[in-house]
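The values are calculated or read from the model by the stated rules, or taken from the named source; none is laboratory data. Everything quoted here is computed from the prediction, not taken from an experiment. Don't worry about glycine lacking a Cβ; one is built from the backbone with ideal geometry, like all the others, and counts go over all protein chains shown. All accessible areas refer to the heavy atoms of the entire protein, side chains included, with ligands and DNA or RNA removed. Shrake-Rupley method; radii C 1.70, N 1.55, O 1.52, S 1.80 Å.
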Amino acid sequence: MGLLILLTSTLLYSYFHPGRVVDAQRLFILKDITLTIEPSKDVKRGTNVSLRCKATVSQSETWELRREYTVYKDNNLIYNKTSISEEILYPLGEARVANSGKYRCEINIDDKPQRPSETQKLTVTGLSKPQLRLNKGVVKEGEEITATCIAPGEMGSFFFYIYEDSNEIKEKQVSSNQAEFKLRFSSVNRRRIHCTYTVLITPYSVKSEESNNVTVSVKELPITIDLDIDPVTRVYEGDQLNILCKVNGLQHSDESVRLLLIQGIQILSSGLTNVSHSMVAQANYAEEFECKFEMGNVVKTATKTISVIELFSAPTLTVSPDEVFQRDDVTLTCKSESYASERLSEDELTYTLDPPQTPQTPSRKGVFSVKSLRIETNYTCVAEAMRIKKRSKTLTVRPKIFVSTPKISVVGRAILGQPVKILCQSDIGSLPINYTLFKDFVEVSTISINRSSQQAHFEVNITSPEDIKQYICEASNNHRHNKQPLSEKLNAIVIVPPSYAELMAVPDESGIYEGDDLYLLCRADGTPPVTFKWYHVGNNLPLYTNTSNDYSSSYQVPSVSKEHNGRYYCEAFNHVNKVVRSEEVTIEVQMVLWKKALIGGFCLLAVSVLVVVCVLCFRSKRGKRDGAAELSVKPSSPKSDDTLTVTLTHDTEVYNADKVVMDSGAAVSVWTKRPPEEDVAIDEESSMVTKEPDVEYTEVVHPRPVDPARVPLRKGTDTVYSELQNSPHGPADYHDYHGSVEYAELNGEQPEVNHYHPEVNNFQDLPMPVD
């Protein structure tokens with residue numbers, strides 16, 4: 001149990017105290033590890049430098065801890081030592097620039113790694129002066145010498161450089177403090193040689209000062225180069241040239257040698273000690289010859305320049321005529337413009353054509369006739385004399401194609417009063433092509449087309465539709481022919497914009513009745529097709545749109561009614577998109593006659609019934625003598641809003657309804673009792689004399705709808721006269737009085753008819769007379 005507690009305590013202690021080592025017997029802690037550079041971090045070359053690595057450790061008991069120390073430079077291991085001491089000392093000795101770098105140390109205690117020390121940087125300044133040594137001070141041209149550059153006492157990775165005067169001539173990278181160079185000098189002179197070196201220290205390098213200067217004397221080799229050319233003066237093209245190149249005084253040498261004969265960039269021949277070459281002089285050859293000797297890096301040359309007189313110039317090939325068309329006969333002329341008359345006569349020059357023609361023999365010196373040229377052909381000619389041949393430059397003959405008859409057309413639309421663009425174009429023909437526009441055979445203008453992407457567009461003004469047919473165009477690409485192809489006359493439609501619009505109503509606006517079909521006819525001028533639009537004032541959207549190939553179009557409004565009242569207008573336009581607008585036409589839909597008659601009849605009927613009822617009521621209350629009543633209405637055929645005069649005569653009393661007005665189906669009446677000629681009326685039965693005041697009655701009769709199917713169809717309106725009589729046997733009978741009305745069916749539709757039947761159910765509803 002105690003052992004378990006000890007192990008548990010040990011584990012817990014290790015977990016909560018990192019860097020401390022615990023085992024069953026011993027316990028230790030690494031308190032600190034440091035690295036110091038002695039005597040300083042920045043030292044000069046040759047200073048004795050030491051690295052001290054110290055580890056401070058605390059332990060539970062006194063026993064010897066096994067410590068393993070490791071030292072690193074720039075992450076590379078440079079020293080390792082195992083000791084029981086708390087510190088170690090690593091001497092670097094006399095420091096060099098190569099010792100510069102970043103150092104750190106690490107420690108393992110009982111094979112358990114611990115944290116490292118902080119990194120320390122050592123900087124060493126100063127390099128030793130390099131030394132240069134040569135194995136020879138006097139050499140011949142091309143002889144090799146050995147140069148050795150030494151960096152005394154230095155170590156590390158080096159770059160060594162050799163300089164001739166102030167120019168670097170060689171470099172070498174080595175890991176030791178010296179380097180050897182092999183040197184050769186190709187020219188006679190005294191040379192000053194020195195060297196330098198550079199030590200590589202990551203991530204930079206340190207360069208030394210210059211070494212001592214060493215002088216090298218270079219002596220000339222006892223050899224000469226000869227170049228002979230025969231002939232060397234007054235050399236003509238075609239002359240034979242003999243050339244000799246050789247080396248004199250060359251002794252045996254271990255170096256490889258080579259002799260070259262060069263003309264321009266061309267090597268004519270090569271050898272060891274002498275080279276010969278023969279050739280025909282030609283004017284197009286380079287004029288300078290070079291004899292070049294090479295031995296190692298030793299180069300010696302000899303040059304000569306000769307002038308070659310041209311025997312004859314290169315021929316030129318021309319074609320006639322300058323402008324060639326298909327199936328034309330052409331003439332090709334081959335000729336050399338100059339020749340050396342002192343060495344060559346003109347007759348000695350011969351000319352040939354390539355490709356050859358039949359016959360190949362020209363008609364005269366250098367002139368060739370070519371028949372029926374159809375396709376593009378490349379020609380060259382060759383002039384020859386004294387075994388010298390010269391070829392002309394290639395002449396390409398491209399026969400042109402005659403322009404075809406042009407076509408004339410209008411681009412877009414031709415609109416009267418606006419600029420019109422006319423295109424003149426041929427299907428085939430070689431460029432350039434000149435297009436000329438004529439009006440009535442008088443030239444208007446000319447356009448030259450030089451590229452296939454161009455087109456001949458002419459802009460003209462058309463003042464009348466007939467002007468368009470007066471234009472014609474011409475195409476020309478051949479100046480040798482006077483007659484050029486002409487196009488046909490321009491045949492195109494000239495669009496005339498509309499100038500006016502007129503709207504008419506059928507039937508006219510004074511005779512439009514409900515139920516009629518109304519036709520709105522819009523008329524305009526201009527080139528068809530013309531687009532017409534009809535509008536009802538107050539509505540921005542058109543009622544109807546129609547495009548017609550005629551100059552007019554109509555819009556039908558079937559079965560018009562009161563809602564179609566208002567003002568109408570139309571607009572017209574064609575492809576020009578110039579809109580013209582008509583004047584406004586006012587449409588007023590009138591009520592049909594049968595409706596007016598029906599309303600008048602019912603009003604009369606209502607008035608008659610009222611009058612009869614009033615009279616009967618009056619007579620029944622007074623119970624006086626029998627009498628007769630007579631009713632009359634004027635005018636006999638009333639219209640809407642007319643004023644009617646109704647007279648009721650009963651015995652000696654007369655009643656006037658002279659304010660009966662027909663008002664939209666309602667009859668309004670004002671009744672007035674007409675006074676007799678005498679103010680005293682004598683009753684035959686009672687023999688009593690009474691005096692009555694004037695009585696005025698007002699009656700308003702409102703109509704109500706009646707089923708149109710029950711109304712008899714009659715024609716016209718009858719005037720109704722009613723007679724009322726008193727019966728000795730009781731109250732007088734009263735009868736219904738009404739007029740007959742007949743209406744006509746319009747457009748196949750049954751109009752709505754209102755009948756007015758005043759109902760009399762109670763005599764108390766009638767006006768009561770005043771006694």
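Kirkwood Rh over alpha-carbon pairs of segment 46-147, then Stokes-Einstein at 37 °C and 0.692 mPa s: what D in µm² s⁻¹, rounded to an integer?
191 µm²/s
For GLY566, what is the net charge nearby, where nearby means another residue's Cβ is under 13 Å from its Cβ and Lys, Arg count +1, Asp, Glu -1?
-2
Provide the convex hull volume over Cα atoms per residue for segment 414-524, in Å³.
146 Å³
Evaluate Rg over Rh across segment 228-368, taking Cα atoms for both radii and Kirkwood's formula for Rh.
On the Cα set of segment 228-368, Rg over Rh gives 1.22.
If I compute solvent accessible area with a 1.4 Å probe over the protein chains, what percent of it on segment 264-394 is carbon and sulfur?
Of all accessible area on segment 264-394, carbon and sulfur atoms account for 45 percent.
Could you compute Rg(Cα) / (2.2 N^0.38 Å) for segment 177-304, with N its residue count?
1.61
Calculate log10 I(q)/I(0) of segment 171-250 for q = 0.16, 0.20 Å⁻¹, where I(q) comes from the Debye formula with a single equal point scatterer on each Cα and nothing for solvent.
Reported log10 I(q)/I(0), two decimals: -0.83, -1.02.
Computed over the Cα atoms, what is the radius of gyration of segment 438-485 divided by 2.2 N^0.38 Å, N being its residue count?
For segment 438-485, the normalised Cα radius of gyration comes out at 1.35.
So what is the diffusion coefficient of segment 511-572 in µm² per second by Stokes-Einstein at 37 °C and 0.692 mPa s, using a Kirkwood Rh over Cα pairs?
Approximately 265 µm²/s, per Stokes-Einstein.
Just report the Cα centroid separation between segment 229-299 and segment 507-552, whole Å.
108 Å
What's the center-to-center distance, using Cα atoms, between segment 43-65 and segment 560-590 in Å?
Here the answer is 117 Å between Cα centres.
Working from the pairwise distances between different alpha carbons, so that the mean of 1/r is found and then inverted, what is segment 101-200's Kirkwood radius in Å?
Hydrodynamic radius (Kirkwood, Cα pairs) of segment 101-200 is 16.7 Å.
I need to check one value: relative contact order of segment 170-266, counting alpha carbon pairs closer than 8 Å and at least 6 residues apart, in percent.
20 percent
Restricted to Cα positions, what overall size does segment 492-612 have along the principal axes? Three whole-Å values, descending.
On the principal axes, segment 492-612 reaches 84, 24, 17 Å in Cα extent.
Just the Kirkwood number for segment 405-448, please: inverse of mean 1/r across all distinct Cα pairs, in Å, one decimal.
So the Kirkwood estimate lands at 11.9 Å.
Report the per residue volume, in Å³, of the convex hull enclosing the C-alpha atoms of segment 318-433.
Expressed per residue, the convex hull around the Cα atoms of segment 318-433 is 134 Å³.
Considering only protein heavy atoms and a probe of 1.4 Å, how much of the accessible area of segment 442-513 is carbon and sulfur, as a whole percent?
It is 48 percent, rounded to a whole number.
Return a whole-number percent for the relative contact order of segment 450-606, with Cα pairs under 8 Å and 6 or more residues apart as the contact set.
For segment 450-606, the relative contact order is 22 percent.
Any idea what the relative contact order of segment 108-200 is, in percent, if you count C-alpha pairs under 8 Å spaced at least 6 apart?
29 percent
How much accessible area does PHE159 have with a 1.4 Å probe, in Å² rounded to the nearest 10?
Ignoring ligands and nucleic acids, PHE159 comes out at about 50 Å².
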